[in-house]
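*Asks:* Mind having a look at this structure? Questions to follow.
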Amino acid sequence: MSRYIAIEGPIGVGKTTLTHRLAADLQANLLLEAPDDNPFLKGFYDNPERYAFQAQLCFLLQRAGQIDGLRQPDLFAEPVTVADFFFDKDPLFAELTLAAGDYGLYRELFNRLAWAAPVPDVVVYLYASSDVLVRRVGQRGRASEQSLDADYLQRVAARYQAFFADYQHPHLVIVDAEAMDLVADEAAYAAVRDAVEGPPGRVHLPG
């Protein structure tokens, strides 16, 4: 069985919900991003030009600390760890939000922190249209996200699509989270779990 499963996708696509469910089913360690711990995030959503660099560096250091935990063997005392992020995606948001000079400094820091980041055994990429993302972000009602607009969510979704179109990984599960209801539809969830636990390959659901 794979030891490290990473669930990825744009804001509001349902990756944390799926992470919780898989971790519970597999009796696994749970590793979650903590956006509410980033003191610059709401400022970034309200005023991106002023707070983009601070918010991005805070996330980078936060994720680096979590990756340090992944390097420790005791994290894998349980057979599986399921995370709602992986370190390779961090530059995706930096490329989208940072000015060129800030991005150069960010990239230098990222490269230094990422030199030994563990690679997931399985990556699950969830995607959905920006209309669905806007609706789901609104439904979950996080105060820091209320200023997010459809244009920003569309740009984030497009960056994810571009990233995963070229992403090479021996076990990548790509899930249309708009067509598949991973909360209410047991068969849809079972298909994703079967793909995660199945043989390596590039799997697209629904096929």
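*Asks:* Only one residue in Leu109, Leu31 is at pLDDT 90 or above, in contact with a Leu (Cβ under 8 Å, 6 or more places away or on another chain), over 20 Å from Arg155 (Cα atoms) and open to solvent by 50 Å² or more (accessible area, probe 1.4 Å). Which one?
*Replies:* Of the residues listed, the single one that is at pLDDT 90 or above, in contact with a Leu (Cβ under 8 Å, 6 or more places away or on another chain), over 20 Å from Arg155 (Cα atoms) and open to solvent by 50 Å² or more (accessible area, probe 1.4 Å) is Leu109.
*Asks:* Tally time: how many residues in the range 183-206 are closer than 20 Å to Ala165 by Cβ and of a type in the set (Ser, Thr, Tyr)?
*Replies:* Count: 0.
*Asks:* Could you check, for the range 112-122, whether at least one of its residues is in a helix (DSSP H, G or I), open to solvent by less than 30 Å² (accessible area, probe 1.4 Å) and touching a residue at least 24 places away in the same chain (Cβ under 8 Å)?
*Replies:* No: the range 112-122 contains no residue that is in a helix (DSSP H, G or I), open to solvent by less than 30 Å² (accessible area, probe 1.4 Å) and touching a residue at least 24 places away in the same chain (Cβ under 8 Å).
*Asks:* Something else: Look at Gln139 and say whether it is open to solvent by 40 Å² or more (accessible area, probe 1.4 Å) and within 16 Å of the chain's Cα centre (by Cα).
*Replies:* Criteria not met by Gln139.
*Asks:* With the condition kept exactly as written, say whether any residue in the range 43-54 is free of Cβ contacts under 8 Å to residues at least 24 places away in the same chain and in a loop (DSSP other than H, G, I, E, B).
*Replies:* Among the residues of the range 43-54, at least one is free of Cβ contacts under 8 Å to residues at least 24 places away in the same chain and in a loop (DSSP other than H, G, I, E, B), which makes the answer yes.
*Asks:* Any residue at all in the range 163-174 that's open to solvent by 70 Å² or more (accessible area, probe 1.4 Å), free of Cβ contacts under 8 Å to residues at least 40 places away in the same chain, polar (S, T, N, Q) and in a loop (DSSP other than H, G, I, E, B)?
*Replies:* There is at least one residue in the range 163-174 that is open to solvent by 70 Å² or more (accessible area, probe 1.4 Å), free of Cβ contacts under 8 Å to residues at least 40 places away in the same chain, polar (S, T, N, Q) and in a loop (DSSP other than H, G, I, E, B).
The values are calculated or read from the model by the stated rules, or taken from the named source; none is laboratory data. The shown structure was predicted, so the numbers you read here are calculated from the model rather than taken from an experiment. Note that each Cβ is placed from the backbone with ideal geometry, even for glycine, and that neighbours are counted across all protein chains shown. Side chains included, ligands, DNA and RNA excluded: accessible areas come from the protein's heavy atoms. Shrake-Rupley method; radii C 1.70, N 1.55, O 1.52, S 1.80 Å.
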